[in-house]
Structures are given as structure tokens and as C-alpha cells.
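The values are calculated or read from the model by the stated rules, or taken from the named source; none is laboratory data. What you see is a predicted model, and the numbers here were worked out from it, not measured in a lab. Counting neighbours? That spans all protein chains shown, and the Cβs are built from the backbone with ideal geometry, glycine included. Surface areas here come from the heavy atoms of the whole protein model, side chains and all, with no ligands, DNA or RNA. Shrake-Rupley method; radii C 1.70, N 1.55, O 1.52, S 1.80 Å.
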Amino acid sequence: MPAEVAILRIGHRPERDQRVTTHVGLTARALGAKGMYLAASDKGVVQSIADVAERWGGDFFCEDNVKWRACIKEWKAAGGVVVHLTMYGLNLPDIIGEIRPQGKILVIVGAEKVPGEIYGLADFNVAVTGQPHSEISSLALFLDHLFSGHELRNEFPGAQIRIIPSRAGKQTEEL
Ligand code: SAM
């Protein structure tokens, strides 16, 4: 598995994207990313994700007020690569083999139109099909292909609660 994956969420509009951005963060956390940088100010999103992480374990971070250019620059300076999820990129199965061996991956997802500069700053522009859909679905599929499905068995140390998988009904255990 790559050592480190983080998400950079750009274009977030606090008045209408709170739910989707929170779900981008929760998806990233559940599927093996270490954290999310939010290129906007939104303490509501940060708090919702922190609440989930505290109860369900792991050490996922969410940082708002991030300047996206500086975030990309610092990530690259630290030896990381940048993946931009966009329907205009190379299709996921054609490029994931080049991305998988990278040790440090920043995944950019947009909300509405992404600044053109991002396409040039990214090391990989990756499409999850050439059809328009969503930042949540594209991120989920990207992470699943990146981790080859192994992330589905990840553990979340320090959790206060755990689900006991059941064929029917809902079973949980307080830890
Ligand atoms: N119309 C916008 C544009 O042209 O940039 C995209 C809006 S879409 C609702 C929001 C985000 O979902 C995009 O910035 C991209 O990160 C992601 N996305 C949507 N469809 C995608 C696809 N087929 N492949 C990869 N990412 C996708």
C-alpha cells in the first residue's frame, strides 16, 4: 500500500457543499487516506469529520483554510505526486499501474469548475470513466483501485465503537 494518501478538496462553497465535502472526507477516511486538506474555511466540515474519527477510530486529519497552490507545492517539495480526478484525464485502468508504486499521493477533487492551472500542476489527470458523475464516487473508485481492494479490511485503532458484521439486523460493540 502507498505510505501516504491525502485529499485536496477545492472549490468548496460552504453554503451548498457542506454535505458533499463531508462525504468526500468520510469516504477518504473509510477507504484508507490519511487526511483531507480543504481549500476553504468551514469549521462545520472539520468538526463533523473529527466527530466521526473520534468515535470510529483511526487518525484521519481534516485541515481547512488551506491555500491550494501552496499545498500542492509543499506536497511536491516533500517528494509526493499529485493526482487530479477529472473526467477529461486518462482512464483509471490505463494509468493506475503507474500511480500505485508512488509513496505519497495527493488526490485533488473539485466541486464545480476547477481552475485550468490544476491540470498542468497535476502529475496525473485521472478519469474514472469519461462520464460526468461526482467527486465522492470518483474518489471511492480511485482509492479502491489504488489499494487493490485491500483497504476494505483496514482497522481503525482507538475506536469507541465497532460494528459486528451481521447478515441481518444491526450489531455493534462499545469498546
Ligand atoms: N463540471 C465540473 C468541471 O468541469 O470541472 C466538474 C464537476 S463534478 C460534480 C466535481 C468533481 O467530481 C470534479 O472536479 C472531479 O474531481 C470529480 N469527477 C466528476 N466526474 C469525474 C470522472 N468521470 N472522473 C474523475 N473525476 C470526476
If we scan the range 100-111, do we find a residue that is assigned to a strand (DSSP E or B), within 24 Å of E151 (Cα to Cα) and of a type in the set (D, E, K, R)?
yes
For G11, indicate whether it is open to solvent by 10 Å² or more (accessible area, probe 1.4 Å), over 12 Å from L139 (Cα atoms), outside any strand (DSSP E or B) and modelled with pLDDT of 95 or more.
yes
Which condition from (1) over 16 Å from the mean Cα position of the chain (by Cα); (2) within 11 Å of the ligand (Cβ to nearest atom); (3) of a type in the set (A, V, I, L, M, F, W, C); (4) not in a loop (DSSP other than H, G, I, E, B) is the one that V114 breaks?
(4)
Of (1) open to solvent by 70 Å² or more (accessible area, probe 1.4 Å); (2) over 23 Å from K67 (Cα atoms), I161 fails just (1)
Of the conditions (1) in a helix (DSSP H, G or I); (2) hydroxyl-bearing (S, T, Y); (3) more than 30 Å from E174 (Cβ to Cβ), T86 clears all except one; give me its number.
(1)
Determine, yes or no, whether A70 is within 18 Å of I10 (Cβ to Cβ) and either touching a Pro at 6+ places or on another chain (Cβ under 8 Å) or crowded, with 19+ Cβ neighbours inside 10 Å (or both).
no
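Would you mind stating whether L121 is open to solvent by 70 Å² or more (accessible area, probe 1.4 Å), modelled with pLDDT of 95 or more and more than 8 Å from the ligand (Cβ to nearest atom)? Full working, then the answer.
Numbers: open to solvent by 70 Å² or more (accessible area, probe 1.4 Å): no; modelled with pLDDT of 95 or more: yes; more than 8 Å from the ligand (Cβ to nearest atom): yes.
Taking the combined requirement at face value, the residue does not satisfy it.
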Between a first residue in the range 133-160 that is modelled with pLDDT of 95 or more and a second residue that is within 13 Å of the ligand (Cβ to nearest atom) and assigned to a loop (DSSP other than H, G, I, E, B), which pairs have beta carbons less than 8 Å apart while being 6 or more apart in sequence or on different chains?
E135/G110; E135/A111; S137/V128; S138/V128; L141/V128; F142/V128
State whether the residues of the range 87-104 include one that is open to solvent by 50 Å² or more (accessible area, probe 1.4 Å), within 13 Å of the ligand (Cβ to nearest atom), touching a residue at least 12 places away in the same chain (Cβ under 8 Å) and basic (K, R).
no
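Pick from the range 126-158 the residues that are in a loop (DSSP other than H, G, I, E, B) and within 12 Å of the ligand (Cβ to nearest atom): which of them is most open to solvent (accessible area, probe 1.4 Å)?
First, pick out the residues of the range 126-158 that are in a loop (DSSP other than H, G, I, E, B): 128-134, 147-149, 154-158.
Remaining after also requiring within 12 Å of the ligand (Cβ to nearest atom): 128-134.
Numbers: V128: 15, T129: 66, G130: 56, Q131: 120, P132: 96, H133: 95, S134: 41 Å².
Of everything passing the filter in the range 126-158, Q131 is most open to solvent (accessible area, probe 1.4 Å).
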